[in-house]
1. Suppose R0 equals 41 Å. What FRET efficiency, 1/(1 + (r/R0)^6) with r the Cβ-Cβ distance, do Arg198 and Lys260 give to the nearest 0.05?
2. Under the rule a/c < 1.5 gives rounded, and otherwise a/b versus b/c splits prolate from oblate, where does region 127-282 land using the Cα gyration tensor?
3. Per residue, how much accessible area does the chain have with a 1.4 Å probe, in Å²?
4. Give the dimensionless ratio obtained when the Cα radius of gyration of the chain is divided by 2.2 N^0.38 Å.
5. So which trypsin sites (Lys or Arg not before Pro) in region 79-150 are both in a DSSP loop and have at most 16 other Cβ atoms within 10 Å of their Cβ?
6. Set the Förster radius R0 to 51 Å, insert the Cβ-Cβ distance between Asn236 and Leu2 as r into 1/(1 + (r/R0)^6), and round the FRET efficiency to 0.05.
7. Counting pairwise Cα distances across region 35-124, what percent come out greater than 22 angstrom?
8. How many percent of the accessible area of the chain is carbon or sulfur, using a 1.4 Å probe?
Amino acid sequence: MLIFNTQKDLISHLNSISNLDTSIGFVPTMGALHQGHLSLLKEALLKNSIVVTSIFVNPTQFNNPEDLAKYPRTLEKDVEKIKSISDKIIVYAPSVDDIYDGQTVSKHFDFDGLENQMEGKFRPGHFDGVGTIVKRLFEIVKPNFAYFGEKDFQQLQIIKKMVTKLEIPVTIIGCPIHREPNGLAMSSRNERLTREERKEAAIIFQILKQSQKLFKTKSATVVTEWVKKAFEKKPNFQLEYFQIADEDTLLPCIKKSKIKKYRAFIAVFVNKIRLIDTISLN
Ligand code: PAF
């Protein structure tokens with residue numbers, strides 16, 4: 001399996017194997033790979049003759065230095081997991097300098113307001129960091145297709161917006177959330193939960209499913225109040241936000257419309273670990 005640490009080497013290899021008939025599928029990650037990531041890679045392998053994945057913990061998308069410092073870094077294990085599905089996948093695992101060339105700062109993006117909701121409100125600068133790294137990786141890898149998980153649904157919508165606005169020639173594919181047997185959405189951050197916390201965190205998806213049921217007959221405000229109360233009874237959980245929003249604009253649902261698609265979005269701290277999840281409501 002080929003692993004490149006510099007963009008120069010990766011680009012020269014990709015140039016040597018690409019032609020008009022090849023299609024590059026790309027899965028950007030921050031490592032600590034789980035079944036969710038592996039399913040993105042499998043999806044990419046189905047459609048593309050070349051599959052590239054990046055493993056890079058991007059400093060500019062972290063607004064909390066402790067979160068960045070504690071983010072799991074498990075390159076060797078990640079490489080083994082990738083190998084277990086195919087030894088043809090090309091890995092790009094750059095240093096911060098290879099990406100940022102001494103200037104570890106974000107560019108500023110206008111995502112037509114998508115960046116101001118939910119994660120954007122609670123993690124200032126986060127989506128500028130995501131936009132900066134994903135645009136940079138697209139310039140390096142030049143993929144035909146790029147794969148992102150729906151757990152980060154806001155990120156997925158923002159990346160689709162970015163490629164449309166900046167006319168980047170790549171098709172963005174959103175893939176379904178992978179869950180642990182107890183319903184907890186798979187996330188690299190789950191590695192930081194204790195066994196007990198991991199068990200208890202099943203409540204997040206249970207509450208989302210309940211909110212999906214309630215939303216059939218109740219307003220977004222009533223459902224939101226119900227979710228807030230449900231978390232008040234859970235001392236180890238601190239709800240950061242619960243928002244029912246229009247899937248396209250990500251604006252909060254004020255009055256239900258039959259022609260719109262809605263989704264519930266949630267961010268919760270389990271002790272100090274921040275988890276997010278989402279569910280489609282109609
Ligand atoms: O979703 C992630 O893991 C990251 O935000 C991404 C897209 C790899 C950019 O660093």
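The values are calculated or read from the model by the stated rules, or taken from the named source; none is laboratory data. Remember, it's a predicted structure, so these values are computed and weren't measured experimentally. Quick reminder, even Gly has a Cβ in these numbers, built from the backbone with ideal geometry, and neighbours come from all protein chains shown. To get the accessible areas, we keep the full protein, side chains included, count just its heavy atoms, and leave off ligands, DNA and RNA. Shrake-Rupley method; radii C 1.70, N 1.55, O 1.52, S 1.80 Å.
1. 0.75
2. oblate
3. Result: 50 Å² of accessible area for each residue.
4. My calculation over the Cα atoms of the chain gives 1.02.
5. Counting only loop positions with at most 16 other Cβ atoms within 10 Å, the trypsin sites (Lys or Arg not before Pro) in region 79-150 are Lys88, Lys107.
6. So the FRET efficiency works out to roughly 0.70.
7. For region 35-124, the share of Cα pairs beyond 22 Å comes to 47 percent.
8. Within the chain, the accessible surface is 52 percent carbon and sulfur.
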